[in-house]
């Protein structure tokens with residue numbers, strides 16, 4: 001029996017990475033809508049009090065402030081609950097950040113349905129979809145602590161607006177930490193029967209599921225995508241051309257987000273594409289594990305869903 | 001910063017009014033009522049108050065101007081052109097396909113524009129961000145904003161009002177162009193936001209109320225602003241919608257206007273006559 005993997009708090013990981021970067025780059029400032037410390041910025045506030053700005057609970061105005069700060073050459077990072085920094089402030093995100101093309105970094109924490117007990121007001125299951133519709137905005141969805149650190153550095157180095165979604169519950173290390181290139185995915189497993197594309201914290205359970213299928217002889221390509229927009233179309237097309245069947249996995253509605261980004265780049269290939277995510281409805285509340293199980297996004301559920309979809313995608317003679 | 005005599009500013013504002021109308025030639029239409037109500041404020045800011053250099057429009061220590069009521073862009077275009085930010089003939093492309101001058105301002109297309117406003121209720125927050133950024137970088141620059149009274153029901157204005165006061169942004173000066181009208185009628189009937197001065201005062205702003213079409217009063221209130229104060233300044237500027245064009249003045253219909261040729265001729269003649277009179281008065285002094 002293998003030891004349980006070490007689990008790491010994504011918010012602390014993120015806050016620490018930004019704080020370390022900011023030690024060498026005085027342009028980085030942090031905005032809080034009563035959300036800074038719970039987004040991992042307690043140390044930043046203590047180390048750089050002049051660069052930590054509190055605005056109270058109001059995301060629209062704070063997003064406008066971030067845009068104004070960026071016009072003076074600073075690099076504002078505004079982190080709060082994902083639902084609030086993508087919905088409440090959408091017009092400011094659209095006009096003041098995206099249309100004005102400002103170097104603003106907006107980070108949604110407790111993304112997806114990680115605030116499982118707090119309910120749909122606190123879920124963000126449409127954030128990839130609505131933010132990726134804003135031209136010029138990069139959408140990042142790192143998948144493990146190392147990627148969160150690397151994505152934070154890439155986000156701060158990138159000149160232009162970025163939205164990054166992280167979760168809340170502790171997550172396992174999945175990959176060896178390496179360089180992070182915005183718009184590039186990684187091939188994590190190789191196989192024959194399908195191309196599985198995952199993003200965000202859903203990737204951990206997807207890896208488990210893909211490995212379970214491998215033991216059954218159903219091997220797939222697993223492409224792990226820390227960037228939802230622009231998605232790594234080259235990698236996806238290369239794999240999809242070979243396997244002829246793409247399955248997307250995300251903790252997001254099963255439309256509009258990664259699935260749509262992938263579907264759009266598959267267009268001319270005419271390969272089968274199945275999307276695993278949350279059904280397009282107001283999802284229930286409860287424990288996070290309970291929700292993942294209910295919607296088939298835990299390791300067991302993903303194994304079952306992927307097995308059914310991969311098997312159904314094969315010619316009858318090979319089933 | 002230049003110091004112009006009030007009479008010179010009055011003439012300059014009338015010249016800007018002529019340019020505003022010029023942009024509506026050839027069957028074009030635009031938000032002329034609000035542009036005409038706030039143009040005396042913009043003229044005074046750009047010609048008499050702000051520390052700016054049209055030849056170096058992105059100089060880091062410049063004063064900033066944010067037109068929160070972005071639909072009044074005609075006024076900003078006219079004043080920027082008069083001030084030398086871009087060649088005056090550009091105004092004749094207003095609203096053309098792909099023009100640098102659209103119905104709302106675009107900072108990436110037109111020198112001197114600091115924010116892409118148009119959706120209402122955004123300017124004050126952007127201004128707060130600029131003011132905070134300037135202060136953090138120890139720059140003495142100020143940020144001037146023009147809000148419309150019609151946009152005040154947007155809640156984000158009051159997020160901005162709270163932030164500017166809480167963060168003690170004495171380098172922020174917001175004019176509220178109170179022309180009492182919006183597209184549907186009297187602002188008091190559509191959504192009464194009075195008492196506007198008391199609201200800003202309650203948020204912790206220093207508040208002055210003036211006649212916003214009187215350049216001397218605008219100069220006077222600006223002379224009182226102390227950038228080192230711990231309070232932002234709100235100037236409640238009582239104005240007349242479509243000020244200076246008699247056939248439109250104080251009408252909701254002036255909000256968005258497509259002049260007929262005869263109306264245009266009449267309006268332009270009225271402004272030209274006023275410029276002539278103001279010039280004669282200036283000489284007589």
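Structure above, values below:
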read-out: Test: residue in segment A:12-22 that is surrounded by fewer than 18 Cβ atoms within 10 Å (Cβ to Cβ) and touching a strand residue (DSSP E or B) at 6+ places or on another chain (Cβ under 8 Å); value: no
read-out: Subset of segment A:60-72 that is more than 7 Å from chain B (Cβ to nearest Cβ) and closer than 10 Å to residue A:31 by Cβ - its residue that is surrounded by the most Cβ atoms within 10 Å (Cβ to Cβ); value: A:63
read-out: Single condition residue B:168 does not satisfy, out of (1) more than 8 Å from every other protein chain (Cβ to nearest Cβ); (2) in contact (Cβ under 8 Å) with a residue 24 or more places away in the chain; (3) in a loop (DSSP other than H, G, I, E, B); (4) under 20 Å from the mean Cα position of the chain (by Cα); value: (4)
read-out: Any hit, segment A:34-42, residues being within 14 Å of chain B (Cβ to nearest Cβ), surrounded by fewer than 24 Cβ atoms within 10 Å (Cβ to Cβ), touching a strand residue (DSSP E or B) at 6+ places or on another chain (Cβ under 9 Å) and not in a loop (DSSP other than H, G, I, E, B); value: no
read-out: Hey, residue B:17 touching a helix residue (DSSP H, G or I) at 6+ places or on another chain (Cβ under 9 Å), in a helix (DSSP H, G or I), surrounded by fewer than 23 Cβ atoms within 10 Å (Cβ to Cβ) and modelled with pLDDT of 95 or more or not; value: no
read-out: Selection from segment A:64-92 of residues that are farther than 24 Å from residue A:13 by Cβ and not in a loop (DSSP other than H, G, I, E, B); value: A:64, A:65, A:67, A:68, A:69, A:70, A:71, A:87, A:88, A:90, A:91, A:92
read-out: In segment B:171-201, residue nearest to residue A:65 (Cα to Cα) [restricted to those that are in contact (Cβ under 8 Å) with a residue 40 or more places away in the chain and in a loop (DSSP other than H, G, I, E, B)]; value: B:171
read-out: Selection from segment A:241-273 of residues that are assigned to a strand (DSSP E or B), closer than 22 Å to residue A:183 by Cα and more than 18 Å from the chain's Cα centre (by Cα); value: A:245, A:246, A:273
read-out: Residue among A:75, A:107, A:97 that alone is touching a strand residue (DSSP E or B) at 6+ places or on another chain (Cβ under 9 Å) and away from chain B (no Cβ under 13 Å); value: A:107
read-out: Near pairs, Cβ below 7 angstrom, 6+ apart or cross-chain, from segment A:18-33 (closer than 17 Å to residue B:135 by Cβ) to any residue that is in a loop (DSSP other than H, G, I, E, B); value: A:27/A:73; A:27/A:74; A:29/A:74; A:30/A:36; A:30/A:41; A:31/A:55
read-out: From the options B:84, B:103, residue that is in contact (Cβ under 8 Å) with a residue 60 or more places away in the chain and surrounded by fewer than 24 Cβ atoms within 10 Å (Cβ to Cβ); value: B:103
read-out: When residues of segment B:150-163 are limited to those that are closer than 24 Å to residue A:66 by Cβ and more than 10 Å from chain A (Cβ to nearest Cβ), the one surrounded by the most Cβ atoms within 10 Å (Cβ to Cβ); value: B:151
read-out: Hits in segment B:115-143 - residues which are over 19 Å from residue B:51 (Cβ atoms) and either in a loop (DSSP other than H, G, I, E, B) or more than 7 Å from every other protein chain (Cβ to nearest Cβ) (or both); value: B:116, B:117, B:118, B:119, B:120, B:121, B:122, B:123, B:124
read-out: Residue list for segment A:50-60, restricted to those being more than 16 Å from residue B:168 (Cα to Cα) and either in a helix (DSSP H, G or I) or free of Cβ contacts under 8 Å to residues at least 12 places away in the same chain (or both); value: A:59, A:60
read-out: Residue check, residue B:112 part of a loop (DSSP other than H, G, I, E, B), under 14 Å from the mean Cα position of the chain (by Cα), modelled with pLDDT of 95 or more and away from chain A (no Cβ under 13 Å); value: yes
read-out: Conditions (1) within 14 Å of chain A (Cβ to nearest Cβ); (2) surrounded by 23 or more Cβ atoms within 10 Å (Cβ to Cβ); (3) farther than 30 Å from residue B:5 by Cβ; number of the one not met by residue B:200; value: (1)
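The values are calculated or read from the model by the stated rules, or taken from the named source; none is laboratory data. Since we're looking at a predicted model, the values are computed, not measured. Note that each Cβ is placed from the backbone with ideal geometry, even for glycine, and that neighbours are counted across all protein chains shown.
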